[in-house]
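J.: Below is the structure I would like to discuss, written out as structure tokens.
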Amino acid sequence: MATAKRLFVLQYGAERVSKALSLVGGDPEHYYWEPLFGALVETDAGWVLFDTGMSRANHESAEVERVYRGGEAATEPLDERPWHLRPSPPADRCTWGLPGDPLVAALAPLGLQPGDLSLAVVSHFHWDHSGGIATLAAAGVPVAVHADELAWARSGAPFDAGFDARDWTAPGTQWQTVDAETEVAPGVALLPTPGHTPGHLSCWVTLPGTGSWIFTADATDLAQNLLDDVPCGSCAGGTAADEQQAEESLALLLARTRETDARLIPGHDQVVLNAIRHPPGGHR
Ligand SMILES: [Zn+2]
């Protein structure tokens with residue numbers, strides 16, 4: 001694969017997630033604050049973004065808050081555990097995002113606006129990953145997604161499982177679908193890793209100095225998935241076949257990591273994310 005130029009890691013916000021959603025067999029009563037983040041890659045074909053965070057509307061939504069609280073009243077007090085890491089989100093809600101439009105706010109310190117991107121990729125249609133699509137559509141940025149993910153979402157992906165139809169019906173979205181491993185820009189390849197959702201994608205970036213990076217998105221939320229070889233705890237399709245796919249996707253990610261000596265980055269681990277925060281000028 002060709003090489004990209006440099007990589008930035010953008011944290012848009014965080015969400016309070018049960019360990020049972022992140023890990024098969026995880027404790028449903030044990031919650032982590034998990035980061036919402038994207039990988040921004042400069043390539044010879046322009047800026048490419050992998051994952052877009054949650055929309056401001058959904059950070060503010062009482063219905064979204066209700067879903068995070070498992071259907072409990074949105075006013076129910078949270079069972080707070082101490083959180084030692086930065087950022088430390090406010091304790092009164094289950095999601096937290098950068099001020100204003102989190103995607104715009106995350107790009108701003110780099111001197112970029114959404115319209116400066118050549119392509120955005122959405123790993124899957126959970127609202128904590130696809131919430132920037134409306135902003136990107138308005139800015140004229142094409143959005144890549146797996147064809148199976150788009151078809152499945154359009155068939156009626158349920159709100160109460162974390163899917164917001166506004167993310168796949170945003171007016172004017174320029175969809176760019178993939179259905180196999182695809183190098184979408186020099187040094188940026190998409191790896192189909194289904195199971196968590198039917199068309200889930202991971203992203204493999206190759207840089208000139210630091211080499212191979214693999215961003216797994218929700219194929220593995222936490223380092224623990226990778227350390228213990230445990231698939232994601234939630235398969236939106238809900239069948240045994242989906243769970244089998246999640247296991248196969250985990251095996252593919254680990255195999256590709258061995259082959260390329262990749263820096264393997266799980267999708268929602270604040271410890272890992274803090275450790276890979278980019279230096280001035282980005283990772284190269
Ligand atoms: Zn997800």
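What follows is calculated from the coordinates using simple rules that are stated; it is not laboratory data. From a predicted model like this one, the values you see are computed outputs, not experimental measurements. Cβ atoms come from the backbone with ideal geometry, glycine included; neighbour counts cover every protein chain shown.
J.: What does the charge count near Ala262 come to, summing +1 for each Lys or Arg and -1 for each Asp or Glu among other residues with Cβ under 15 Å from its Cβ?
T.: In short, 0.
J.: In the neighborhood of Leu7, defined by Cβ-to-Cβ distances under 9 Å, what is the net charge if each Lys or Arg adds +1 and each Asp or Glu adds -1?
T.: +2
J.: Where the centre of each part is set by its Cα atoms, how far does the range 1-75 sit from the range 133-203, in angstrom?
T.: 15
J.: Moving on. Give the relative contact order (percent, whole number) for the chain; include only Cα pairs under 8 Å separated by 6+ residues.
T.: Rounded, it is 22 percent for the chain.
J.: Which shape class, rounded, prolate or oblate, goes with the range 6-275 when its Cα gyration tensor gives a ≥ b ≥ c as root eigenvalues, a/c under 1.5 marks rounded, and past that a/b bigger than b/c marks prolate?
T.: Judged from the Cα gyration tensor, the range 6-275 comes out rounded (a/c under 1.5).
J.: Using alpha-carbon pairs under 8 Å, 6+ residues apart, how would you state the relative contact order of the range 138-185 in percent?
T.: Reported relative contact order: 56 percent.
J.: From the backbone phi of the range 31-47, what are the Karplus-calculated ³J(HN,Hα) couplings (6.51 cos²θ - 1.76 cosθ + 1.60, θ = phi - 60°) in whole Hz, Gly and Pro given as x?
T.: Calculated HN-Hα couplings, in order: 10, 10, 7, 10, x, 9, 8, x, 10, 10, 10, 8, 10, 5, 9, x, 7 Hz.
J.: Same structure, new question: Counting Lys +1, Arg +1, Asp -1, Glu -1, what net charge surrounds Asp221 among other residues with beta carbon under 12 Å of its beta carbon?
T.: Once positives and negatives cancel, what remains is -4.
J.: Also, quick follow-up: Roughly what would the spin-label model give for Arg66 and Thr177, points 7 Å off Cα along C-beta, in nm?
T.: 3.2
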